[in-house]
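Quick notes on the structure that follows.
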Amino acid sequence: MYKYFLKPIFFLFDAEKIHHFVFSFIKLLHYIPGVSPLNRQIFCVRNSKLKRELFGLTFNNPVGLAAGFDKNARLYNQLGNFGFGFIEIGTVTPKAQTGNPKKRLFRLPIDEGLINRMGFNNDGVSAVVTRLVKNKKRVLIGGNIGKNTATDEMDAEKDYIFNFKALYPYVDYFVINVSCPNVGSTARLNDKDFLISLLLQLQGIVSEMKVTRPILLKIGPDRSDKELDEVIEIIKTTKIAGVIATNTATDRSGLATSADRLKEIGNGGLSGKPLTKRSTEVIKYLSEKSNKAFPIVGVGGIHTPEDAMEKMEAGASLVQIYTGFIYSGPKLVKEINKRILKESD
């Protein structure tokens, strides 16, 4: 129904506008008595073989929703009814910000991809916290945090630490986002010494808390092997829980979309099918080079159960979807979980 009826209609409209429409529709739908349990019955796969124990958390299944979809924590309770094992909110910044000028979200239907230059548009951490207080605890929640665009790179640590402390009581794990291509220069944020300093400070905060919150680092797909080696060193030095690989890409090579259309769209991070191969390569490199020293969450171009299995075979312990959720629909979560069960028999 989704692929052949709803998606063609949705794709007639502006991508960002239809995103907000679908959000409102799902929220309204769940006010109807019985819709929540019905959705769970349709989309959720419950089986102990799907459970994963990672960095001190129990995931009911290894399929999550990546950051960016519910960045303001407005819909995580309802989205939890679609079978996800975990949902990542954000990227959240200390202060609310409008992000980059619109239009800033574009579909590439031929490539089954998206280009976005949203620019960390979000309501700010205080507003997000007020919504997370209403968490019904049906699904694990990750907090993806970043700095405000107006914050100088030299002061970036303050933004991350502020977010970290504010969200600490309300999320199950943290993701440090330093790899978004849509928020100006990130050169210092990707510097090895800066990351070690920041992550050690955050680990110090964790050590003072009664409850441990695991920290993951989200990296981009455009890193060289040398830079991936540095990531491994960073994880080893700071002892954070793991890595999310990968964020959106700036590379546009190999796309079927015309050069004229890409020029018309302009800058932005590429996600979806075009990232399938590269994100898997990054996962495989990190897993093999580190001798599986830390968990990897695989994300990038997962549109089918086969895509998810490739990520896991490459070394991912968990996977996340975003663009695949838009192109393949909500049944993708169930299909991936059923495929995992089939492979485990």
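The values are calculated or read from the model by the stated rules, or taken from the named source; none is laboratory data. In this text, all values refer to a predicted model and were calculated from it rather than measured experimentally. Glycine also receives a Cβ, built like all others from the backbone with ideal geometry; neighbour counts cover every protein chain displayed.
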Would you be able to say whether some residue in the range 54-61 is modelled with pLDDT of 95 or more, under 25 Å from residue 336 (Cα atoms), within 17 Å of the chain's Cα centre (by Cα) and in a loop (DSSP other than H, G, I, E, B)?
yes
Of all residues in the range 194-227 being among the hydrophobic types (A, V, I, L, M, F, W, C) and crowded, with 19+ Cβ neighbours inside 10 Å, which is farthest from residue 169 (Cα to Cα)?
219
Quick one: in the range 1-45, which of the residues that are part of a loop (DSSP other than H, G, I, E, B) and exposed (fewer than 12 other Cβ atoms within 10 Å of the Cβ) is modelled with the lowest pLDDT?
1
Condition check: touching a Leu at 6+ places or on another chain (Cβ under 8 Å), among the polar types (S, T, N, Q) and touching a residue at least 24 places away in the same chain (Cβ under 8 Å). Does residue 280 satisfy that?
no
Looking at the range 43-60, can you tell me whether even one residue there is touching a Lys or Arg at 6+ places or on another chain (Cβ under 8 Å) and closer than 29 Å to residue 12 by Cβ?
yes
Among the residues of the range 289-345, how many are assigned to a helix (DSSP H, G or I), over 25 Å from residue 40 (Cβ atoms) and free of Cβ contacts under 8 Å to residues at least 12 places away in the same chain?
1
Which one is nearest to residue 71 (Cα to Cα), of the residues in the range 129-152 that are in contact (Cβ under 8 Å) with a residue 24 or more places away in the chain and among the charged types (D, E, K, R)?
131
So which of 257, 237 ends up being surrounded by fewer than 14 Cβ atoms within 10 Å (Cβ to Cβ) and either of a type in the set (S, T, N, Q) or part of a strand (DSSP E or B) (or both)?
237
Within the range 62-81, considering residues that are over 10 Å from the mean Cα position of the chain (by Cα), buried (at least 22 other Cβ atoms within 10 Å of the Cβ) and of a type in the set (A, V, I, L, M, F, W, C), the one farthest from residue 132 (Cα to Cα):
63
Of the residues that sit in the range 152-189 and are at pLDDT 95 or above and assigned to a loop (DSSP other than H, G, I, E, B), which one is farthest from residue 250 (Cα to Cα)?
169
Need pairs with beta-carbon distance below 8 Å; first residue at positive phi and within the range 58-71, second assigned to a loop (DSSP other than H, G, I, E, B) and modelled with pLDDT of 95 or more; sequence gap 6+ or separate chains.
68/118; 68/322
Would it be correct to say that residue 85 is surrounded by 24 or more Cβ atoms within 10 Å (Cβ to Cβ) and over 22 Å from residue 159 (Cα atoms)?
yes
Given the criteria surrounded by 24 or more Cβ atoms within 10 Å (Cβ to Cβ), of a type in the set (Gly, Ala, Ser) and out of contact with any Leu (no Cβ under 6 Å at 6 or more places or on another chain), does residue 298 qualify?
yes
Checked the range 69-117 for anything in contact with a Gly (Cβ under 7 Å, 6 or more places away or on another chain) and β-branched (Val, Ile, Thr); matches are 87, 89, 91, 92, 93, 115
Does residue 123 qualify as being of a type in the set (Asp, Glu), modelled with pLDDT of 95 or more, touching a strand residue (DSSP E or B) at 6+ places or on another chain (Cβ under 8 Å) and under 30 Å from residue 30 (Cβ atoms)?
no
